[in-house]
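A quick write-up on the structure given underneath.
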Amino acid sequence: MSITAPRGLLVGNQWRTCTETLPVIDPFTGNEIARAPLGDEALLEEAIGVAQAAFKKTRAIPAHARAGLLEKVAIGIEKRSAELAETIMAESGKPIIFAEAEVGRAVMTFNTAAGEARQSQGALLPLDGLPPGAGHFGMVRRFPIGVIGAITPFNFPLNLVAHKVAPCLATGNTMVLKPAMKTPLTALLLAEILVEAGMPEGQINFVTCTNEVAAQLVQDERVKKITFTGSPEVGWRLKEQCGKKRITLELGGNAGVIVHSDAELDMAIPAIAMGGFGQAGQSCISVQRIVIHESRYEEFRERFLAHILAKIKTGDPRDRATIVGPMINAEALERVRKQISDAVAAGASVALGGTITGRCLEATVLENLDPRCDLVAGEAFAPLVTLHQYREFKEALEFINASVFGLQAGVYTRDLNLAMQAFEALDVGGVLINQVPTWRVDNMPYGGIKESGFGREGVRYAMEEMTELKSLVMKLD
């Protein structure tokens, strides 16, 4: 299937051509597959104005109509699932099995938002629970806040866009969305689906532009909230600039997994391998640090390496057997190559992998690392994991917490007491027992603490971040 050239940028449900374009590169081949329109300051300014004007209508759309639109979008994604998966694979290098899974998740995201749109976003206030409230009736309800500026990354070019767009539609807000410059094509296909589904004119506007142009979203007072998924460096800088504007940040991570002495390795090893190496580890919740009880370390190591050699194939994302595809670009590949070289120079050993083939890094396992090195303390964002040992469970918890990041963590144990200890002690946004931190379903609250983010996504939780509570109090006769 050939990649369809984008029709333009979507502003006010109209396709706008641009003088400037940017090349979209297939990360596996290095070939240009399309040219995407590149918006400028004037187009982004217009998009903000269109979104502001549209809000006067979208805020009054009834719940059933919002839900109906979301369901139509889900149907539209299903109908174009093959085209979307091919586009995701071509522009991001994501292996086809993961690209297809992402399309399926986006369908679920929009259907989940449809269900949430039909639910009452409010509650009765028990005012007469206190003496002054006697003789009064009260309720609280959520209202949309207005124009939302959204900035999305390359690694999930459909579903992370869906996690901005679907809650926006469900709440009656409007949006100006900047897709990643490396992967704009998938987002623009979604824009087509939105228009075809009958989205109100100007509710969601798509403008691919440089970061310098996108800064206008932060500076413009008409934009009431920023929702950003990307690097911590950019995200926290945006927060500093936002002033009174709301912001949600989904940033980086170096997710850890604890493998306790009672862990079921038949269950843990395949999940950890997929969680660490799937789609080249280019996910903020990709498994990076594996800390194993000393009594199981050698067994885990031997079986883990054997599983990788047998089951984790690196190469062409078009091959349905491929798990590890290319890094997104040459700069990312060179960055991780240098990090591996520096770690080895400092005393680390390569248990497996570490080699570069074409534009791919083979699945890599490192041992004996200094905890302060980049590949332990920082975010690898690559098909690379590090192995560590512990004696007491408390040590493992402390190891996971010894990080500036705090997104999600996994714990493999059959001991309920230890599971609850982990839940209490781990400084992360999500603790997953007998599951890898890479696991996520789209209706759960998702987000981190420390350098990993600010606020929460997951459809209902994103809807809360996009709305304002308002109380109604009535004095009764």
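Residue by residue, here is whether (1) modelled with pLDDT under 95; (2) out of contact with any Ser or Thr (no Cβ under 7 Å at 6 or more places or on another chain); (3) assigned by TED's automatic domain parsing to the domain that holds Lys79; (4) closer than 20 Å to Glu46 by Cβ holds:
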site: Val195; (1), (2), (3), (4): no, yes, yes, yes
site: Gln203; (1), (2), (3), (4): no, no, yes, yes
site: Phe206; (1), (2), (3), (4): no, yes, yes, yes
site: Glu233; (1), (2), (3), (4): yes, yes, yes, no
Filter result (within 14 Å of the chain's Cα centre (by Cα), of a type outside the set (S, T, N, Q) and in a loop (DSSP other than H, G, I, E, B)) within region 430-476: Pro437, Trp439, Arg440, Val441, Asp442, Met444, Pro445, Gly447, Gly448, Gly455, Arg456, Gly458
Given (1) at positive phi; (2) modelled with pLDDT under 95, number of the condition Gly93 does not satisfy: (2)
Region 119-136: number of residues that are in a strand (DSSP E or B) and over 20 Å from Glu468 (Cα atoms): 1
Helices (runs of 4 or more DSSP H) contained in region 153-245 and holding at least 3 residues under 29 Å from Gly281 (Cβ atoms) and not aliphatic (A, V, I, L, M): 159-171, 232-242
Residues being surrounded by 23 or more Cβ atoms within 10 Å (Cβ to Cβ) and either among the aliphatic types (A, V, I, L, M) or part of a loop (DSSP other than H, G, I, E, B) (or both) - total across region 138-152: 4
Single residue of Asp415, Asp427 found to be modelled with pLDDT of 95 or more, surrounded by fewer than 23 Cβ atoms within 10 Å (Cβ to Cβ) and farther than 26 Å from Cys373 by Cα: Asp415
Residue satisfying condition, being buried (at least 17 other Cβ atoms within 10 Å of the Cβ), touching an Asp or Glu at 6+ places or on another chain (Cβ under 6 Å) and not β-branched (Val, Ile, Thr), within set Asn159, Asn111: Asn159
Residue within region 251-264 that is of a type in the set (D, E, K, R) and surrounded by fewer than 19 Cβ atoms within 10 Å (Cβ to Cβ) present: yes
In region 278-308, residue surrounded by the most Cβ atoms within 10 Å (Cβ to Cβ) [restricted to those that are farther than 20 Å from Val404 by Cβ and within 17 Å of the chain's Cα centre (by Cα)]: Ala280
Evaluation of Gly135 against (1) at positive phi; (2) surrounded by 23 or more Cβ atoms within 10 Å (Cβ to Cβ); (3) out of contact with any Lys or Arg (no Cβ under 6 Å at 6 or more places or on another chain) (one fails), failing number: (2)
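The values are calculated or read from the model by the stated rules, or taken from the named source; none is laboratory data. No experiment lies behind these values; they were computed from the predicted model shown. So basically every Cβ, Gly included, is an ideal-geometry build from the backbone, and we count neighbours across all protein chains shown.
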